Amino acid sequence: MNAVLSFLKKPLVIALILIVALLYLGENLSPGFASADQILRLLIVASLLGIVAAGQNVVILGGREGIDLSVGGVVSLSAIIAGNVMNGADGGIVPAILACLAAGAFFGLLNGLGVTLLRIPPLVMTLGMLGVLQGLLVVIRNGIPSGRAAPGLSAFVTQPLALGIPGIIWLWIAIGLFMAFMLTRTVFGHRIYAIGSNEHAAYMAGVPVRRMRIGLFMISGMFAAIAGLCLLGYSGSSFANVGEQYMLSSIIAVVFGGTSLAGGKGGYTGTMAGALLLVILQGILTTVNIDESGRQMVFGATLLLLMLFYGRGKAMRA
Amino acid sequence: MTPTTIETPSARPGGLKLWLERYPFLPALIIVVALLALNGAFSPNSLSYRSLTGLLSTYMALIMLAIAQTYVVSAGDIDLSAGATLSLVNVAIVVLMEKWGGGAGAVIGAMICGILLGLACGVINGIVVAALRLQAIVATFATSIFFTGVALYVMPVAGTPAPALFWRTYGGRLLGLPFVFYVLAALALLLFLLSRTRLVTQLLAVGDDQQAAYQTGLPVVLVRIKGYALCGLFSALAAFCLTGDTASGDPLVGSKMTLYSVAAVVLGGSALAGGWTTVVGSLFGALTIGLVNSLVFFMGTPSEWQNFVQGLAILLVLMAGVLAGRRARA
């Protein structure tokens, strides 16, 4: 009985149960919600969020109040860079990928340097970086048109690639496997947990804490950049602040996945389920026929309710 | 050893450090003075009585919101719903004042309701974060979505005007002085009275070491809820200033201000980790944001570059604020 209970208390299991329950609810509210086509579409949207959340996840796992508020800005910037580099031609996809990754890594590097060398709290550093990125977006958008996605990229994101499943979902699965392997099987992964649960102990054990932390922010920037590129493929062309929605929802996906904001505890599999859960919830709210105010109230209240299922803080004890 | 060696500077805190300890907002004040000087250098007109009054009445809302944020940060918490609370109070008072006829009684009645509404939002946040023990960043983000929903219910689209009595008073003069000066004086008095209450000390104690505060017998949960209530109260005051400035209701007006309020707290020299904050610093922090924006404008920056230069300047002062604050605490 205890084994069953502790199994049911695992964040991943909670998220999966809630996903099934929500799909069932959605199907009852509007028939066809849980059809294969619809689920594929939800998965595409979830994979965009999930890719951003992968970077957010490692930064949070690394501890010391690790958080990256600049991901939304990087997503928008990357979508614009990609649109201009490829500008509707398939030949431009590879250069676009390289340019986006470079931009993401660059801003991640700046975040990491601020957090480690100047010891600016991550929340403050990435908040300031978000302001810079938003300003940069205005500059870029004034000088050049927003650009278009290459047909190949759009097909990769929206059309079936293999077994009837679009390429972006395969990419997300690959990222999931990669993250699981990295976090559990590599030295780098173990070191993330080490610096996240006790930075000083990790330092004493010879972990290059600063370089690790800079690396985590660079990974976050690069994942956000990949998501921006895919987002361009999903929508065809980029528009202002297209990535803003990912700033806090990526953090919520991580929390729903059972990763503690205190760091050092959690993983990516749960985050994938968390991202899917969040997207399904939003999907249900857009299908039911209520106005925007009601939708927001229900969304906010449901988020609070769902958070109650996850790791609440410890009660104070003397 | 002769007694003179004890008197060496290293044996007692240095003069600068002592000053910083007593007046933690000093770095922020220096930044504000420097920005004022720069503004004056680029455009002497920007230092005129009229421009400064205008700057103050525009940024009074952000000043209030930054102070609101400071009280939760004191206890080591954060409130990402402060801007949504501001929006909600903004639309609620505009709708109530219109419904009640727009006279003096309607204005006062609506403001009382607005304060109660702000307090209610704060108490909800406090219960969610402190009593239900959810993580402050994500929980207050969820409540901000909820409050925004309520604001949209009260006023679905922006644009309902506030009664003339309200914004004419805020933007006008009283006994020859701009009304916003009286707001500032009242705020100073309020902050002074609050600083003498037990609650502010308790908030700082909780923020410094929650476990220790609990073990000395402080009702930690209640103190944190009161901190959020104080934040809701000041968010409502911020909404009054904003309504006086914009003269209309907008259900989404505050959403962009939340992160600025956090930035202003850090610019002022407070520690986001809690336990070491300065409300006066936050006031200067909010002014810094306003002055950076006006400086970028007066420097003649091309319009498309303004946001970028503002963002970069704020990032740089944020870093300076963190470094100066740490030096003061060290």
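Numbers at a glance
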quantity	calculated
Using θ = phi - 60° and Karplus 6.51 cos²θ - 1.76 cosθ + 1.60, couplings along the range B:70-82 (whole Hz; Gly, Pro as x)	4, 5, 6, 5, 3, 8, x, 9, 8, 10, 7, 9, 4
Long-range amide H partners of B:S248 with built H, under 5 Å	B:A162
Listed residues A:S235, A:V279, A:V58: farthest to the positive end of the dipole of chain A (Cβ charges)	A:V58
At least 30 Å along the helix axis (C-alpha) and Kyte average at least 1.6, DSSP helices within chain A	A:36-61, A:93-116
For the range A:46-304, size of Cβ-based charge dipole, Lys and Arg +1, Asp and Glu -1, in debye	600 debye
Longest exposed-site-free window of chain B, the sites being trypsin sites (Lys or Arg not before Pro) in a DSSP loop that have at most 13 other C-beta atoms within 10 Å	B:1-195
Contact surface B-A: accessible area buried, both sides summed, square angstrom, 1.4 angstrom probe	3900 Å²
Residue (of A:T269, A:W170, A:A149) at the positive-pole extreme of the range A:46-304, dipole from beta-carbon charges	A:T269
Amide H within-cut-off set for A:I120, under 5 Å, with H built and near neighbours excluded	A:V115
Length-normalised contact order of chain B in % [C-alpha pairs under 8 Å, at least 6 apart]	34 percent
Heavy-atom SASA rank of B:W305, B:W276 (probe 1.4 Å, accessible area, largest first)	B:W305, B:W276
Cα gyration tensor, the range B:146-205 - rounded (a/c under 1.5), prolate or oblate	oblate
Point-to-point label distance, B:I112-A:I144, nm (Cα→Cβ direction, 7 Å offset)	6.0 nm
Cα gyration tensor category, rounded, prolate or oblate, for the protein assembly as shown with a/c compared to 1.5	rounded
Peptide A:118-124, shielding by other chains (average Cβ, 10 Å cutoff)	6
For the range B:85-96, Karplus couplings with θ = phi - 60° (6.51, -1.76, 1.60), whole Hz, Gly/Pro x	4, 4, 4, 4, 5, 4, 5, 5, 5, 4, 5, 5
Neighbouring partner chain Cβ atoms per residue of B:33-39, average, 10 Å criterion	0
Spacing of the two label points (7 Å from each Cα toward its C-beta) at B:L189 and A:L161, in nm	6.7 nm
Expected 222 nm ellipticity per residue - DSSP helices of 4 or more, -39500 (n - 2.57), all of the protein assembly as shown, to 500	-24500 deg cm²/dmol
Anisotropy class of chain A from Cα gyration tensor, a/c 1.5 cut	oblate
Sites excluded, trypsin sites (Lys or Arg not before Pro) in DSSP loops with at most 14 other C-beta within 10 Å, longest stretch of chain A	A:120-311
Mean separation of Cα contacts under 8 Å (6+ apart) over length of chain A, as relative contact order %	34 percent
Over the range A:66-136, relative contact order from alpha-carbon pairs under 8 Å, at least 6 apart, %	47 percent
Positive-end residue of B:A41, B:G268, B:I93, charge dipole of chain B with Cβ unit charges	B:G268
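The values are calculated or read from the model by the stated rules, or taken from the named source; none is laboratory data. What you see is a predicted model; the values in this text were computed from it and never measured. Note: ideal-geometry Cβ built from the backbone for every residue, glycine included; neighbour counts use all protein chains shown. For accessibility, only protein heavy atoms count, side chains too; no ligands or nucleic acids. Shrake-Rupley method; radii C 1.70, N 1.55, O 1.52, S 1.80 Å.
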